[in-house]
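To keep things clear, I will list the structure first and then write my remarks on it.
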Amino acid sequence: MNISYILNELGEDRDTYFNAIAPPIVQSSNFTFNTVNAFRDALSDEYDANLYSRGNNPTINILRKKLAALDGAEDALVFGSGIAAIAIPVISLLQQGDHVVCVENPYSWTIKLFTKLLPRFGVTCTFINGTELQNFEDALQPNTKLIYLESPNTFSYELQDLAAIAQLAKSKGLLTMVDNSYCSPLYQQPIKLGIDLVAQSATKYIGGHSDVVAGVLTGSRALLKKIFELEYMNIGASMAPQSAWLLIRGLRTLPLRLQRSFESTKVITNWLQNHTAIDKVIWPFLPGFKQAELAQKQMQGCGGLFSFTLKDGSVQKIENFCNSLQHILMAVSWGGHESLVIPAIATIKAEDFDAGNIRHQLIRMYVGLEEPEYLIEDLEQALNKLA
Ligand SMILES: *Cc1c(COP(=O)(O)O)cnc(C)c1O
């Protein structure tokens, strides 16, 4: 399907709402019926009905159609957060006694899902280095049900070969799921590579303006309907119509924003790499990246998140650098208009800092929509203060 059609027209039956260009926010919790028969039909199959907004809502339906089409998926479900779009399907797919193979270093709350929450219900998880296909095969157990991926992750950017892992999983009758927040559907389409379920934090690139928390899950209609009919409706982490409207608006400019972030990141990573105070720069589309070949094979572009280390990676220097930034903000999240940094040391207790562990020295930067020269000036003045 043509991307301009998806972002500007798909799902928007404008003649049903006064030919308005922007869709209405249908701010209603429930919907009325003229006959008992129609009411009964909606109650017996809520998946496609406008009955109650914990399930469906016309504004949300416009968004679902667009997000499914962007991923090349049969359908999409939307959630009140990205982590709900991860936790709810995972809970739906697993039972007591099941086992999951998960890549190491996924999103922090995904780690908690697999190490704290699910073990209470008898589900176990093995974390593996996902850069080698063999590691997946080696980690499989007779009770393995799900392979969980995140490619690339959003701090150290290890990739997994999605097509090869999907093929392995299919041959063993296992389900695969990937967190595709980093690339968004514009730069990576895991469904087309054979992955069963694709989750994304829509808080990031889809929303794009740091003003909404939301999640999306795409996959086959059969799988999503199964998730919808119990866990989606039962846990109830649904999306508000106002959030759906903000995301539809965000989608209009997604290609432009993503391209800007991608292009600026090329300029900035290249500049940083040549700076004398910088040791490593890690970004999947940087020449010399460890898995550059795989990145070029399965990604059509690259997100604006990367990490770097200082030559002197002491806590003091990292703190000095981050505290000196004047325009680049220190905050969690990413994908909005504003550039951000988060040093790994902010996420670990001072007494746990290990100077020998490069992950502890990483400074993650997200490149927003500002002019790259403006951001480089800010980086330069902060790096100069370290000398
Ligand atoms: C932010 C993020 C999430 C969680 O999304 P929320 O919208 O914050 O719940 C999951 N995965 C990745 C990679 C993220 O960056």
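Odds and ends about this structure:
- Placing +1 on the Cβ of every Lys and Arg and -1 on the Cβ of every Asp and Glu, with nothing else charged, gives the stretch 254-384 a dipole about its Cα centre of roughly 480 debye.
- The alpha carbons of the stretch 254-384 occupy a box of 42, 31, 27 Å along the principal axes, longest dimension given first.
- Of all DSSP beta bridges confined to the stretch 3-252, the antiparallel ones make up roughly 35%.
- Coarse-grained scattering of the chain at q = 0.08 Å⁻¹, given as base-10 log I(q)/I(0) from a Debye sum over alpha-carbon atoms: -0.44
- Relative contact order (percent, whole number), the stretch 3-252, Cα cutoff 8 Å, 6+ residue spacing: 25
- Sites Ser108 and Tyr17, calculated FRET efficiency, Cβ-Cβ separation with R0 41 Å, nearest 0.05: 0.50
- Exposure proxy ranking, count of Cβ atoms within 10 Å, fewest first, for Asp15, Asp352, Asp378, Asp75: Asp15, Asp352, Asp378, Asp75
- Peptides 110-121, 331-342 ordered by packing proxy, namely the average of other Cβ atoms within 10 Å per residue, highest first: 331-342, 110-121.
- Among Phe262, Phe18, sorting on how many other beta-carbon atoms sit within 10 Å of each Cβ, with the fewest leading, yields Phe18, Phe262.
- Charge dipole (debye, nearest 20) of the stretch 198-249; +1 at Cβ of Lys and Arg, -1 at Cβ of Asp and Glu: 160
- Neighbour-count ranking [beta-carbon atoms within 10 angstrom, fewest first] of Phe228, Phe136: Phe228, Phe136
- Sparse-neighbourhood loop sites, trypsin sites (Lys or Arg not before Pro) in the stretch 296-387 - DSSP loop, at most 16 other Cβ within 10 angstrom: Lys311, Lys349, Lys385
- Charges were assigned to the Cβ only: +1 to each Lys and Arg, -1 to each Asp and Glu. The resulting dipole of the stretch 313-387 about its Cα centre is roughly 320 debye.
No lab work stands behind these numbers, since they all come straight from the coordinates. The structure displayed is predicted, hence computed values, not measured ones. No Cβ is skipped: glycine too gets one built from the backbone with ideal geometry, and neighbour counts run over all protein chains shown.
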